[in-house]
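Here, each number is a calculation from the coordinates, and none is a lab measurement. Because the structure is predicted, anything quoted here is derived from the model rather than measured. Don't worry about glycine lacking a Cβ; one is built from the backbone with ideal geometry, like all the others, and counts go over all protein chains shown.
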Amino acid sequence: MTDVLPADPLISLRPWEAPEVTSWGRLPMNAVDRRSDALSLDGDWHFQLLPAPDAQVSDVWSSAHVPGVWTMQDTDDRPQYTNVRMPYTEFPPQSPAANPTGVYEREVDVPGEWTGRRIVLQVGAAESVLLVHVDGRPAGISKDSHLAAEFDLTDVVRPGERSVVRLTVVKWSDASHIEDQDQWWHGGVTRSVLLYATDPLHLADVSVRAGFDGELRVDCRVRDARGALPDGWYVSGELEGRLLAQDDEFDRVNVEDERVSDFLGEARIHTTVPEVRTWNAETPELYGLTVRLHRADGTVADTSQHRIGFRDVRIVGRDLLINGERVFIRGVNRHDFHPLTGRTVSYDDMRADLVLLKRFGFNAIRTSHYPNDPALYDLADELGFYVVDEADIEAHDHAHEIADDPRYLNAFVDRVSRMVLRDKNHPSVIVWSLGNESDYGANHDAAAGWVRRHDPTRPIQYEGAAKLDWAATDDCSDIACPMYAPLEDCVAHALSGRQTRPLIQCEYSHAMGNSNGTLADLWAAIESTPGLQGGFIWEFWDHGILQRVNDGRPVGRGGAGLYDNGVAAPGHRWAYGGDFGETIHDGAFIADGVVFPDRTPKPALYEHREIAAPVRIECFKHEGIVLGNHQHFRGLDWLTGEWELSLADGRTLTAPAELPDLRPGETAAVPLPFEVPRDGGEAWLTLRVTVAEDQPWAPRGTEVCVPQVRLRGPDAAEDAHVDRPVEVDGEGLLIHPLLAAAPTLSLWRAPTDNDELGGMAERWRAWGLDSLVRKVVSVREDGGRVTVEAEYAGTVGVVTHRQVFTRVEGGVRIDEQAELPEQFDDVARVGTVFETTPGLDLLEWFGQGPWESYPDRSAGAPVGHHSLPVDALFTPYLRPQESGGRHGVRQFTLSAPDATGLVVVLDEPRQISVTRYRAEDLTTAAHHDELMPRPGCVVHIDAAHRGLGTASCGPDTFPSYRIAPGIHRWSWTLRVL
């Protein structure tokens, strides 16, 4: 192994504190495919971690896997999470003196057959500053943790001989100040490394423009590594077997305009494809394009393969149009993340990400907040996603200072332009984003100017500019893309007459913990308000890192199989900010995705799936059902369905469904599939829609949506009073053989992340709702009825509570009333809590389900008969909190294996939960490994339950989902099986 000498110019330059230096020796970015004739350098490299970039390399080496981050490979430099704050106090462009620096080194046998060829090293990504040496000689510098860097090694290495490649990666730098994204800080070589060879005469870049009218233009830039271009070179193309020739007219115009160079060649292929199959997210039609560079004798010097899609993107007025159609953007923000490998994500993992999103109705991705792994764009092209491609710029902590800092001007333009150059040929990319949360200044305008000149075919967005005035026409954003804007503000803007551009929120509905309330209400307004076109949920992942509890270290690459259904295996947990000993961190704010760290869907995903349903029940008429096609480009022929009729008495009827032939936007009436029985009580009709034939993202039979309509309401029923008193104890508490704790009043829930960060939990604690003191006022028996009056005292108010126990046939009816004082103007819940004896392990219910639902997040949970083990009802959000609720429940049964148990019948659809945990258990635990399940069930029946909202970062739930003071009444009947 070789050492870096103190006089090394790459070290002496201290590029980690020079924002003006974005690279040295790095080749220009391009969109040419180089996966053929390449030598992969992935695998185990010699490695050592230095305390600072100018520290001396020693003779002691360990090993590290490439691609990978050293923070997940058992080093003493652990992951650290911050959101807004930088993890150190130095101002830009300075970095801390303690600056972990990874040195990677390996020997490479350069193939002998590469003699006479151009040889290039490609480092897929390195965080945050990369210094390259080959055989002890400086080869280059690169910044931008999320884009590849290429270096020409032709004059450094010798084919047929062995060379030593050293990659020095500096963790903290001037670049860190504009990579201040809401994510874990890592260090390492995070994407693949390869060595490839080309002919000296090579394609330097290929730009494809393919319109939905079939026009195809391919612009090629050609260079020769030996110097001047040789005479007679030319390009050709092949599209699905059709040969394409170089455009002579383009060549003629270039000559006339004196745009001909000795060292940079430009050529164009231009044609029109008849009857072209257009690309969109619903039908992502792709064509195979091969571009060839020929020498004068016709032999091929270089080849580049592309999958292209014919489509147009444009803004007309306040609408973003794809192929002339106004589409709803049902998006999610996505990071490159994995719980075992941090920033490094495999192709299979990326495909699984997108397949899951597709199955739950998403059609768009914002690459928050940097260009994602290149394979993601190939997959988005193939599977069908609209992509907002975002540059690696976020100066959160020092945004105002950096936006106009001329020292960072080159970095802004460099990062944006290199993203565009890399990704411009992907049909999935429909919008360029200049970055995130970096204020707004001249540096953004400079970057936008470059993009508009280079690629006028796509709009630009930048929230930091557009947030100043959604109606502005003089900033750099073509789209108004606010974050977490209140719905009323969005609707008011769309109706104001001042709207000048599409309004598509870059972030909305923050998915932290038990969240995403009011999603259905938001989309009802979006779909009914011209000018509103959707947005991107924050975000896809909970970024929990799998951690060993005994030593606090990340598990790393060997941890496959140590988690399932969102739960870490015993002895492990999902770590969030602060769990690796950091003193500066932002806690569980990193756990804000619609999936758990292992990609298990959270219940909110089912809500989104139903909101985005391609086929919907528009209404119910006595003669039939009206169905609608809510897609933009596709008919319903790829779908099939089954009707399901659920009756309150427990019966479920099914019948095949024949979906009508509907074009996008059309509706049609279909007859009722059943003659609804006259008896049976409440009746609900569900259409279970599935994939008719295999799709690239779903096998045949995959459920797509479950639209539902109520055909008949509940029967009025009264329990027959039995003239026998109910047994209560001296405190007026019900005595029952299956209850371990009697029913009492509950106003408290284990605070959700929204409750905590939105300030509600603090207010509830100040009122004493987590520690109400019960005092019996009176216990009276009258005609077999027992009435118990009690007071529950908080720190600022008293709640009066009445329970009337009545013996009825087979059980007890409990009629309850609670009166909340005026100061309790927004509590978590009003209802009953009790605990059962052990052994009742199965819950069956008629109501919404089967997954978790709440008053403001229930559109995705159809009414029906559902059954789950009690232990499967609880949702394991990374920070324990209120979870496991089921909305709109009419009755439920808790039973033991021997069929004993209890039945609860509710006076009207109510919110319930059945778990193994009391609210105080969940409130005091920071992680799930701290929870101890109780032997029985903790049961909540709520007369009213506060909505979830998204107040951890965004609007709270709507007033209609909050709980007002005053009198609340509810009734329920408890029977024994």
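A Förster radius of 41 Å combined with the Cβ-Cβ distance from Val777 to Asp715 puts the calculated FRET efficiency at roughly 0.65. Label separation (Val253 vs Phe620): 6.2 nm, computed from points 7 Å beyond Cα along the C-beta direction. Cross-link reach is defined here as a Cα-Cα straight distance under 16 Å, omitting same-chain residues fewer than 8 places apart; for Lys143 the lysines meeting it are Lys171. Computed over the chain, the P(r) curve from all C-alpha pair distances, binned at 10 Å from the origin, holds 2, 11, 18, 22, 19, 13, 8, 4, 2, 1, 0 percent per bin. Multiplying the residue separation of Ser496 and Ser346 by 0.36 nm and subtracting their alpha-carbon distance yields 49.3 nm.
Using Cα pairs under 8 angstrom and six or more residues apart, how large is the relative contact order of the range 739-976, in percent? Reported as a whole number, the value is 25 percent. Phi angles of the range 869-876 translate, via the Karplus equation with coefficients 6.51, -1.76, 1.60 and θ = phi - 60°, into HN-Hα couplings of x, 4, 5, 8, 7, 6, 9, x Hz per residue; Gly and Pro are given as x.
Computed on the range 212-308, with alpha-carbon pairs under 8 angstrom and 6+ residues apart, the relative contact order is 36 percent. Just to verify a number: FRET efficiency for Glu731 and Asp929, C-beta to C-beta distance, R0 = 41 Å, to 0.05? That gives a FRET efficiency of 0.70.
The calculated FRET efficiency for the pair Glu693 and Glu215, based on their C-beta separation and a Förster distance of 22 Å, comes to about 0.10. Hey, for a label at Phe91 modelled as a point 7 Å past Cα toward Cβ, could you say which residues of the range 164-187 have their backbone N under 18 Å away? Of the residues in the range 164-187, 173-178 have backbone N under 18 Å from the label point off Phe91.
Model label sites at Val676 and Glu642, defined 7 Å from Cα along the beta-carbon direction, differ in position by 2.2 nm. Taking the Cα of Ala524, stepping 7 Å toward and past its beta carbon, and measuring to each backbone N in the range 493-507: which are under 20 Å? What the label zone holds, given the 20 Å backbone N cut-off, is 493-495. Straight-line cross-link reach from Lys358 at under 24 Å between alpha-carbon atoms covers these lysines, not counting any fewer than eight positions away in the same chain: Lys424, Lys602. For the chain, Cys220, Cys476, Cys490, Cys619, Cys705, Cys937, Cys953 have no disulfide-compatible partner, since no other Cys C-beta lies under 4.7 Å from theirs.
The modelled label-to-label distance for the pair Glu582/Arg295, using points 7 Å beyond Cα in the direction of Cβ, is 5.5 nm.
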